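Worksheet: the structure to be examined is printed underneath.
The values are calculated or read from the model by the stated rules, or taken from the named source; none is laboratory data. Remember, it's a predicted structure, so these values are computed and weren't measured experimentally. Here Cβ is always computed from backbone atoms with ideal geometry, including for glycine, and neighbour counts include all displayed protein chains.
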Amino acid sequence: MKTEKWAIVTLSKDGMVLANRLAKHLDDRECQIYTKEKYANETTKIITTDITTFMGSIIGEYQIICCIMATGIVVRAIAPHLAHKSSDPGILVMDTNGEFVISLLSGHLGGANDAARLVAKRLSAQAVITTGTDVKGTMAVDVLAQKIHCTIDNFTDAKDVTALILNGDPIALINQENCDLDAVVLPQNIKTVVDLTTINQYSGAIITTLDTQKTDLPIPSVKLVPKKLVLGVGCRRDTPGERIIQAIQETLAALNLNIKGIKSLATIGLKADEPGIIEACTFFAAKKVIIPNEMVQMVQSRFDASDFVFKTTGLYAVSEPCGFVASGFGKCLLEKQKLGGITLSVWRDEN
(Lines give C-alpha, C1' and ligand atoms only; values in the text may rest on other atoms or scores of the structure.)
Protein backbone atom coordinates (compact mmCIF):
# COMPACT_ATOMS: atom_id res chain seq x y z
CA MET A 1 0.00 0.00 0.00
CA LYS A 2 1.41 3.40 -1.01
CA THR A 3 2.15 5.96 1.71
CA GLU A 4 -0.33 8.82 1.66
CA LYS A 5 1.23 12.02 0.31
CA TRP A 6 0.56 15.29 2.14
CA ALA A 7 1.51 18.85 1.21
CA ILE A 8 1.71 21.35 4.07
CA VAL A 9 1.51 24.92 2.75
CA THR A 10 2.09 28.10 4.73
CA LEU A 11 2.96 31.74 4.05
CA SER A 12 4.11 32.94 7.46
CA LYS A 13 6.76 32.48 10.15
CA ASP A 14 4.25 31.23 12.71
CA GLY A 15 2.80 28.92 10.07
CA MET A 16 6.23 27.39 9.53
CA VAL A 17 6.56 26.60 13.24
CA LEU A 18 3.25 24.72 13.09
CA ALA A 19 4.10 23.09 9.75
CA ASN A 20 7.29 21.60 11.17
CA ARG A 21 5.43 20.41 14.25
CA LEU A 22 2.71 18.84 12.13
CA ALA A 23 5.18 17.07 9.85
CA LYS A 24 6.89 15.52 12.88
CA HIS A 25 3.55 14.18 14.10
CA LEU A 26 2.79 12.75 10.64
CA ASP A 27 5.89 10.60 10.34
CA ASP A 28 3.77 7.76 8.94
CA ARG A 29 2.77 9.99 6.00
CA GLU A 30 4.94 11.39 3.21
CA CYS A 31 4.91 15.11 4.00
CA GLN A 32 6.37 18.01 2.04
CA ILE A 33 6.32 21.55 3.43
CA TYR A 34 6.01 24.53 1.04
CA THR A 35 6.57 28.13 2.05
CA LYS A 36 8.05 31.49 0.98
CA GLU A 37 11.81 31.69 0.50
CA LYS A 38 12.43 33.81 3.61
CA TYR A 39 10.90 31.12 5.86
CA ALA A 40 12.37 28.09 4.08
CA ASN A 41 14.93 25.65 5.44
CA GLU A 42 16.81 22.70 3.98
CA THR A 43 13.77 20.38 4.09
CA THR A 44 11.16 22.74 2.65
CA LYS A 45 10.35 23.68 -0.92
CA ILE A 46 9.96 27.30 -1.97
CA ILE A 47 6.80 28.86 -3.38
CA THR A 48 8.03 30.96 -6.29
CA THR A 49 4.69 32.04 -7.78
CA ASP A 50 1.48 33.59 -6.49
CA ILE A 51 -0.51 31.26 -4.25
CA THR A 52 -3.25 30.56 -6.84
CA THR A 53 -0.76 29.47 -9.50
CA PHE A 54 1.14 27.46 -6.92
CA MET A 55 -1.95 25.57 -5.75
CA GLY A 56 -2.69 24.66 -9.35
CA SER A 57 0.79 23.18 -9.66
CA ILE A 58 0.42 20.79 -6.71
CA ILE A 59 -3.29 20.00 -6.55
CA GLY A 60 -2.93 16.82 -8.58
CA GLU A 61 0.20 15.63 -6.79
CA TYR A 62 -1.04 15.04 -3.24
CA GLN A 63 -3.89 13.17 -1.56
CA ILE A 64 -4.13 15.76 1.22
CA ILE A 65 -3.15 19.45 1.14
CA CYS A 66 -3.06 21.16 4.54
CA CYS A 67 -2.97 24.96 4.33
CA ILE A 68 -1.90 26.89 7.42
CA MET A 69 -3.38 30.28 6.58
CA ALA A 70 -6.69 32.14 6.37
CA THR A 71 -9.58 30.15 4.92
CA GLY A 72 -10.46 32.91 2.46
CA ILE A 73 -7.00 32.78 0.90
CA VAL A 74 -7.30 29.04 0.44
CA VAL A 75 -10.78 29.22 -1.09
CA ARG A 76 -9.68 31.77 -3.68
CA ALA A 77 -6.44 29.91 -4.43
CA ILE A 78 -7.99 26.49 -5.08
CA ALA A 79 -11.21 27.60 -6.79
CA PRO A 80 -9.85 27.81 -10.38
CA HIS A 81 -8.31 24.34 -10.12
CA LEU A 82 -11.17 22.21 -8.80
CA ALA A 83 -12.50 19.50 -11.08
CA HIS A 84 -14.91 17.09 -9.34
CA LYS A 85 -15.44 15.60 -5.91
CA SER A 86 -14.39 12.22 -7.31
CA SER A 87 -10.90 13.50 -8.17
CA ASP A 88 -10.15 16.60 -6.07
CA PRO A 89 -7.74 16.07 -3.16
CA GLY A 90 -8.73 16.55 0.46
CA ILE A 91 -8.07 20.16 1.50
CA LEU A 92 -7.52 21.13 5.14
CA VAL A 93 -7.15 24.61 6.64
CA MET A 94 -5.46 25.35 10.00
CA ASP A 95 -5.00 28.53 11.97
CA THR A 96 -1.39 29.35 12.82
CA ASN A 97 -1.99 28.60 16.52
CA GLY A 98 -2.96 25.03 15.62
CA GLU A 99 -6.24 25.23 17.54
CA PHE A 100 -8.56 24.27 14.69
CA VAL A 101 -8.28 22.06 11.61
CA ILE A 102 -11.05 22.53 9.05
CA SER A 103 -12.08 19.90 6.53
CA LEU A 104 -12.64 22.33 3.66
CA LEU A 105 -12.97 20.19 0.54
CA SER A 106 -13.49 16.55 -0.44
CA GLY A 107 -14.41 15.47 3.05
CA HIS A 108 -15.57 12.04 2.02
CA LEU A 109 -14.03 10.84 -1.24
CA GLY A 110 -10.89 12.94 -0.83
CA GLY A 111 -10.43 11.87 2.77
CA ALA A 112 -10.37 15.37 4.28
CA ASN A 113 -12.72 14.48 7.14
CA ASP A 114 -10.57 11.58 8.28
CA ALA A 115 -7.43 13.67 7.76
CA ALA A 116 -8.86 16.46 9.92
CA ARG A 117 -9.66 13.99 12.69
CA LEU A 118 -6.14 12.57 12.44
CA VAL A 119 -4.49 15.98 12.72
CA ALA A 120 -6.79 16.98 15.57
CA LYS A 121 -5.90 13.84 17.51
CA ARG A 122 -2.15 14.17 17.03
CA LEU A 123 -1.93 17.92 17.69
CA SER A 124 -4.69 18.10 20.34
CA ALA A 125 -6.64 20.43 18.05
CA GLN A 126 -10.34 20.70 17.29
CA ALA A 127 -11.53 19.16 14.00
CA VAL A 128 -14.15 21.24 12.21
CA ILE A 129 -16.30 19.02 9.99
CA THR A 130 -19.45 20.38 8.36
CA THR A 131 -20.64 17.61 6.01
CA GLY A 132 -24.28 17.00 6.86
CA THR A 133 -24.15 13.25 7.25
CA ASP A 134 -21.20 13.48 9.64
CA VAL A 135 -22.91 16.15 11.72
CA LYS A 136 -26.01 13.97 12.05
CA GLY A 137 -24.04 10.75 12.56
CA THR A 138 -25.39 9.11 9.43
CA MET A 139 -23.80 8.04 6.12
CA ALA A 140 -23.61 9.62 2.66
CA VAL A 141 -23.83 7.52 -0.48
CA ASP A 142 -20.22 8.28 -1.40
CA VAL A 143 -19.02 7.03 1.99
CA LEU A 144 -20.97 3.80 1.61
CA ALA A 145 -19.53 3.38 -1.88
CA GLN A 146 -16.00 3.74 -0.48
CA LYS A 147 -16.62 1.25 2.31
CA ILE A 148 -17.87 -1.46 -0.04
CA HIS A 149 -15.30 -0.71 -2.78
CA CYS A 150 -17.71 0.61 -5.39
CA THR A 151 -17.79 3.52 -7.82
CA ILE A 152 -20.77 5.87 -7.99
CA ASP A 153 -22.44 5.64 -11.39
CA ASN A 154 -24.09 9.07 -11.31
CA PHE A 155 -23.15 11.75 -8.76
CA THR A 156 -26.42 13.66 -9.21
CA ASP A 157 -28.34 10.52 -8.25
CA ALA A 158 -25.99 10.07 -5.29
CA LYS A 159 -26.63 13.63 -4.13
CA ASP A 160 -30.41 13.13 -4.34
CA VAL A 161 -30.36 9.89 -2.36
CA THR A 162 -27.91 11.30 0.21
CA ALA A 163 -30.39 14.15 0.81
CA LEU A 164 -33.07 11.56 1.55
CA ILE A 165 -30.73 9.74 3.94
CA LEU A 166 -29.93 13.02 5.72
CA ASN A 167 -33.64 13.75 6.00
CA GLY A 168 -34.18 10.44 7.79
CA ASP A 169 -36.30 8.94 5.01
CA PRO A 170 -36.32 5.13 4.64
CA ILE A 171 -33.80 3.90 2.04
CA ALA A 172 -33.60 0.44 0.47
CA LEU A 173 -30.17 -1.10 -0.14
CA ILE A 174 -30.49 -3.63 -2.96
CA ASN A 175 -27.24 -5.56 -2.94
CA GLN A 176 -27.47 -7.32 -6.30
CA GLU A 177 -23.70 -7.81 -6.53
CA ASN A 178 -23.35 -9.32 -3.04
CA CYS A 179 -20.87 -6.67 -1.94
CA ASP A 180 -19.42 -7.36 1.50
CA LEU A 181 -21.47 -5.47 4.08
CA ASP A 182 -20.19 -7.32 7.15
CA ALA A 183 -17.91 -4.49 8.31
CA VAL A 184 -20.38 -1.70 7.48
CA VAL A 185 -22.65 -0.23 10.15
CA LEU A 186 -25.60 1.17 8.24
CA PRO A 187 -27.70 4.08 9.52
CA GLN A 188 -31.05 2.99 10.92
CA ASN A 189 -32.94 4.36 7.93
CA ILE A 190 -31.01 2.24 5.39
CA LYS A 191 -32.29 -1.33 5.20
CA THR A 192 -31.05 -4.22 3.07
CA VAL A 193 -33.92 -5.30 0.82
CA VAL A 194 -34.28 -8.53 -1.15
CA ASP A 195 -38.03 -8.58 -1.82
CA LEU A 196 -38.67 -5.77 -4.31
CA THR A 197 -42.43 -6.07 -3.88
CA THR A 198 -41.98 -3.96 -0.75
CA ILE A 199 -40.04 -1.19 -2.53
CA ASN A 200 -42.92 1.30 -2.30
CA GLN A 201 -42.32 1.43 1.45
CA TYR A 202 -39.06 3.30 0.77
CA SER A 203 -38.31 6.85 -0.37
CA GLY A 204 -35.11 5.97 -2.22
CA ALA A 205 -32.84 3.09 -3.16
CA ILE A 206 -29.15 2.26 -3.39
CA ILE A 207 -28.37 -0.57 -5.82
CA THR A 208 -25.08 -2.40 -6.24
CA THR A 209 -25.02 -3.43 -9.88
CA LEU A 210 -22.89 -3.79 -12.99
CA ASP A 211 -25.95 -3.37 -15.21
CA THR A 212 -26.19 -0.17 -17.27
CA GLN A 213 -29.88 -0.54 -18.07
CA LYS A 214 -32.19 2.03 -16.53
CA THR A 215 -33.82 0.92 -13.30
CA ASP A 216 -37.58 0.73 -13.37
CA LEU A 217 -37.97 1.51 -9.68
CA PRO A 218 -40.75 3.97 -8.77
CA ILE A 219 -38.44 5.86 -6.37
CA PRO A 220 -35.18 7.84 -6.72
CA SER A 221 -32.20 5.52 -6.87
CA VAL A 222 -28.43 5.49 -7.28
CA LYS A 223 -26.24 2.73 -8.65
CA LEU A 224 -22.99 1.70 -6.96
CA VAL A 225 -20.71 -0.16 -9.34
CA PRO A 226 -18.31 -2.75 -7.86
CA LYS A 227 -14.94 -3.36 -9.49
CA LYS A 228 -15.66 -6.96 -10.48
CA LEU A 229 -15.10 -7.15 -14.23
CA VAL A 230 -11.94 -8.82 -15.48
CA LEU A 231 -11.15 -8.76 -19.19
CA GLY A 232 -8.84 -11.27 -20.78
CA VAL A 233 -7.01 -9.44 -23.57
CA GLY A 234 -4.90 -10.56 -26.49
CA CYS A 235 -3.82 -8.50 -29.49
CA ARG A 236 -1.44 -8.26 -32.42
CA ARG A 237 1.78 -6.41 -31.75
CA ASP A 238 1.45 -2.60 -31.75
CA THR A 239 -2.34 -2.59 -31.87
CA PRO A 240 -3.30 1.05 -31.16
CA GLY A 241 -4.67 1.73 -27.70
CA GLU A 242 -7.72 3.53 -29.05
CA ARG A 243 -8.74 0.37 -30.91
CA ILE A 244 -8.48 -1.75 -27.77
CA ILE A 245 -10.40 0.88 -25.78
CA GLN A 246 -13.13 1.02 -28.41
CA ALA A 247 -13.37 -2.77 -28.55
CA ILE A 248 -13.79 -2.95 -24.78
CA GLN A 249 -16.39 -0.17 -24.74
CA GLU A 250 -18.45 -1.76 -27.50
CA THR A 251 -18.19 -5.23 -25.99
CA LEU A 252 -19.37 -4.14 -22.55
CA ALA A 253 -22.09 -1.92 -24.02
CA ALA A 254 -23.50 -4.93 -25.88
CA LEU A 255 -23.61 -6.82 -22.57
CA ASN A 256 -25.13 -3.85 -20.69
CA LEU A 257 -22.13 -3.89 -18.37
CA ASN A 258 -20.75 -0.71 -16.82
CA ILE A 259 -17.17 0.14 -17.79
CA LYS A 260 -16.74 1.62 -14.30
CA GLY A 261 -16.83 -1.97 -13.09
CA ILE A 262 -13.59 -2.92 -14.85
CA LYS A 263 -11.14 -4.20 -12.27
CA SER A 264 -8.31 -5.46 -14.45
CA LEU A 265 -7.09 -6.38 -17.91
CA ALA A 266 -5.29 -9.72 -17.97
CA THR A 267 -2.80 -10.90 -20.55
CA ILE A 268 0.42 -12.92 -20.93
CA GLY A 269 4.02 -11.92 -20.26
CA LEU A 270 4.72 -11.50 -23.97
CA LYS A 271 2.23 -8.59 -23.96
CA ALA A 272 3.36 -7.04 -20.67
CA ASP A 273 4.84 -4.01 -22.43
CA GLU A 274 2.27 -3.74 -25.21
CA PRO A 275 1.58 0.03 -25.46
CA GLY A 276 -2.07 -0.40 -26.47
CA ILE A 277 -2.88 -2.57 -23.46
CA ILE A 278 -1.06 -0.18 -21.12
CA GLU A 279 -3.02 2.73 -22.61
CA ALA A 280 -6.30 0.86 -22.14
CA CYS A 281 -5.45 0.11 -18.50
CA THR A 282 -4.82 3.81 -17.89
CA PHE A 283 -8.03 4.83 -19.67
CA PHE A 284 -10.20 2.49 -17.61
CA ALA A 285 -8.22 2.94 -14.37
CA ALA A 286 -7.75 -0.83 -14.45
CA LYS A 287 -4.92 -2.94 -13.11
CA LYS A 288 -2.75 -4.74 -15.65
CA VAL A 289 -2.45 -8.39 -14.62
CA ILE A 290 0.19 -10.62 -16.22
CA ILE A 291 -0.56 -14.33 -16.08
CA PRO A 292 2.55 -16.57 -16.17
CA ASN A 293 2.73 -19.01 -19.07
CA GLU A 294 2.74 -21.90 -16.62
CA MET A 295 -0.66 -20.85 -15.26
CA VAL A 296 -2.07 -20.44 -18.76
CA GLN A 297 -0.84 -23.91 -19.69
CA MET A 298 -2.57 -25.40 -16.65
CA VAL A 299 -6.02 -24.17 -17.74
CA GLN A 300 -5.82 -23.67 -21.51
CA SER A 301 -7.29 -27.11 -22.28
CA ARG A 302 -10.66 -25.72 -21.06
CA PHE A 303 -10.81 -23.37 -24.04
CA ASP A 304 -10.68 -23.50 -27.83
CA ALA A 305 -7.11 -23.88 -29.05
CA SER A 306 -5.54 -21.80 -31.82
CA ASP A 307 -2.55 -23.08 -33.78
CA PHE A 308 -1.82 -19.52 -34.93
CA VAL A 309 -1.67 -18.28 -31.34
CA PHE A 310 0.59 -21.21 -30.47
CA LYS A 311 3.04 -20.30 -33.24
CA THR A 312 3.32 -16.71 -32.02
CA THR A 313 3.11 -17.17 -28.23
CA GLY A 314 3.82 -20.83 -27.45
CA LEU A 315 0.35 -21.02 -25.90
CA TYR A 316 -2.87 -22.32 -27.40
CA ALA A 317 -5.04 -19.53 -25.96
CA VAL A 318 -4.53 -16.15 -24.31
CA SER A 319 -7.70 -14.17 -23.63
CA GLU A 320 -9.84 -16.82 -21.95
CA PRO A 321 -7.25 -18.53 -19.73
CA CYS A 322 -5.88 -15.14 -18.64
CA GLY A 323 -9.34 -13.83 -17.77
CA PHE A 324 -10.23 -17.08 -16.03
CA VAL A 325 -7.14 -17.05 -13.80
CA ALA A 326 -7.15 -13.30 -13.12
CA SER A 327 -10.80 -13.40 -12.02
CA GLY A 328 -9.98 -16.03 -9.41
CA PHE A 329 -11.56 -18.71 -11.63
CA GLY A 330 -14.70 -16.60 -11.79
CA LYS A 331 -17.79 -16.65 -13.96
CA CYS A 332 -17.46 -16.20 -17.72
CA LEU A 333 -19.79 -13.46 -18.95
CA LEU A 334 -18.55 -13.56 -22.53
CA GLU A 335 -16.42 -16.15 -24.27
CA LYS A 336 -13.53 -15.09 -26.49
CA GLN A 337 -14.46 -12.60 -29.18
CA LYS A 338 -12.22 -11.95 -32.19
CA LEU A 339 -12.29 -8.27 -33.03
CA GLY A 340 -9.87 -7.60 -35.88
CA GLY A 341 -6.58 -8.51 -34.26
CA ILE A 342 -7.94 -8.15 -30.71
CA THR A 343 -9.36 -10.96 -28.60
CA LEU A 344 -11.50 -10.24 -25.56
CA SER A 345 -13.26 -12.35 -22.96
CA VAL A 346 -15.22 -10.99 -20.00
CA TRP A 347 -15.27 -12.46 -16.51
CA ARG A 348 -16.84 -11.65 -13.16
CA ASP A 349 -14.49 -11.81 -10.18
CA GLU A 350 -16.45 -13.72 -7.54
CA ASN A 351 -13.91 -13.20 -4.75
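Scan the stretch 246-257 and report the pairs whose first residue is closer than 16 Å to THR343 by Cβ and whose second residue is of a type outside the set (A, V, I, L, M) and exposed (fewer than 14 other Cβ atoms within 10 Å of the Cβ), with Cβ atoms within less than 9 Å and a gap of 6+ or a chain change.
ALA247/GLY340
Within the stretch 83-94, does at least one residue satisfy the condition of being modelled with pLDDT of 90 or more, in the same structural domain as TYR62 (by TED's automatic domain parsing) and polar (S, T, N, Q)?
no
In the stretch 192-242, which residue that is under 28 Å from the mean Cα position of the chain (by Cα) and part of a helix (DSSP H, G or I) is farthest from ALA326 (Cα to Cα)?
Filtering first and then ranking leaves GLU242.
Would it be correct to say that PRO226 is surrounded by 24 or more Cβ atoms within 10 Å (Cβ to Cβ) and at pLDDT 95 or above? Walk me through it before giving the result.
On the way: surrounded by 24 or more Cβ atoms within 10 Å (Cβ to Cβ): yes; at pLDDT 95 or above: yes.
Against the criterion (surrounded by 24 or more Cβ atoms within 10 Å (Cβ to Cβ) and at pLDDT 95 or above), PRO226 qualifies.
What residue, of GLU279, GLU250, GLU274, GLU242, is out of contact with any strand residue (DSSP E or B) (no Cβ under 6 Å at 6 or more places or on another chain) and either outside the structural domain of LYS338 (by TED's automatic domain parsing) or under 27 Å from ILE207 (Cβ atoms) (or both)? Step through it out loud before you land on a result.
Working: GLU279 fails: either outside the structural domain of LYS338 (by TED's automatic domain parsing) or under 27 Å from ILE207 (Cβ atoms) (or both); GLU274 fails: either outside the structural domain of LYS338 (by TED's automatic domain parsing) or under 27 Å from ILE207 (Cβ atoms) (or both); GLU242 fails: either outside the structural domain of LYS338 (by TED's automatic domain parsing) or under 27 Å from ILE207 (Cβ atoms) (or both).
Of GLU279, GLU250, GLU274, GLU242, the one residue that is out of contact with any strand residue (DSSP E or B) (no Cβ under 6 Å at 6 or more places or on another chain) and either outside the structural domain of LYS338 (by TED's automatic domain parsing) or under 27 Å from ILE207 (Cβ atoms) (or both) is GLU250.
Could you list, in sequence order, the residues of the stretch 202-223 that are modelled with pLDDT of 95 or more and more than 19 Å from PHE155 (Cβ to Cβ)?
TYR202, SER203
Can you tell me which residue among ASP169, ASP134 is at pLDDT below 90, charged (D, E, K, R) and not in a strand (DSSP E or B)?
On the way: ASP169 fails: at pLDDT below 90.
Answer to the check: ASP134.
Exactly one condition in (1) touching a Phe, Trp or Tyr at 6+ places or on another chain (Cβ under 6 Å); (2) closer than 16 Å to TRP347 by Cα; (3) at pLDDT 95 or above is not met by ILE245; state its number.
Status for ILE245: all satisfied but (2).
List, please: which pairs have Cβ atoms under 7 Å, are six or more places apart or on different chains, and start with a residue in the stretch 9-20 that is within 15 Å of ALA125 (Cβ to Cβ) and end with one that is surrounded by fewer than 22 Cβ atoms within 10 Å (Cβ to Cβ) and of a type outside the set (Ser, Thr, Tyr)?
Close Cβ pairs (under 7 Å, with a partner that is surrounded by fewer than 22 Cβ atoms within 10 Å (Cβ to Cβ) and of a type outside the set (Ser, Thr, Tyr)) amount to GLY15/MET69; LEU18/GLY98.
Enumerate the pairs (first residue in the stretch 324-339 and more than 23 Å from GLN246 (Cβ to Cβ); second residue anywhere and surrounded by 18 or more Cβ atoms within 10 Å (Cβ to Cβ) and not charged (D, E, K, R)) with beta-carbon separation below 6 Å, excluding pairs fewer than 6 apart on the same chain, so at least 6 apart or on different chains.
Close Cβ pairs (under 6 Å, with a partner that is surrounded by 18 or more Cβ atoms within 10 Å (Cβ to Cβ) and not charged (D, E, K, R)) amount to VAL325/ILE291; GLY330/TRP347.
Could you list, in sequence order, the residues of the stretch 25-52 that are closer than 15 Å to CYS66 by Cβ and in contact with a strand residue (DSSP E or B) (Cβ under 6 Å, 6 or more places away or on another chain)?
ARG29, GLU30, CYS31, GLN32, ILE33, TYR34, THR35, THR44, LYS45, ILE47
I'd like the residue in the stretch 27-39 that is touching a residue at least 12 places away in the same chain (Cβ under 8 Å) and either charged (D, E, K, R) or out of contact with any helix residue (DSSP H, G or I) (no Cβ under 7 Å at 6 or more places or on another chain) (or both) and, out of all such residues, is surrounded by the fewest Cβ atoms within 10 Å (Cβ to Cβ). Please lay out each step first, then the result.
Within the stretch 27-39, the subset touching a residue at least 12 places away in the same chain (Cβ under 8 Å) is 28-36, 39.
If we keep only those that are either charged (D, E, K, R) or out of contact with any helix residue (DSSP H, G or I) (no Cβ under 7 Å at 6 or more places or on another chain) (or both) too, we end up with 28-30, 32, 34, 36.
Details: ASP28: 9, ARG29: 17, GLU30: 14, GLN32: 16, TYR34: 22, LYS36: 17.
Among them, the one singled out is ASP28.
For a quick check of your reading: which strands (runs of 3 or more DSSP E) sit entirely within the stretch 245-351 and have at least 3 residues that are farther than 30 Å from ASP180 by Cβ? Write out each step before concluding.
Details: elements: 262-268, 287-291, 331-338, 342-348.
Per the criteria, 331-338.
Okay, residues lined up against (1) under 15 Å from the mean Cα position of the chain (by Cα); (2) under 30 Å from LEU18 (Cβ atoms); (3) of a type outside the set (Val, Ile, Thr):
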{"position": "MET94", "(1), (2), (3)": "no, yes, yes"}
{"position": "ALA115", "(1), (2), (3)": "no, yes, yes"}
{"position": "ARG122", "(1), (2), (3)": "no, yes, yes"}
{"position": "GLN126", "(1), (2), (3)": "no, yes, yes"}
{"position": "MET139", "(1), (2), (3)": "no, no, yes"}
{"position": "ASP142", "(1), (2), (3)": "yes, no, yes"}
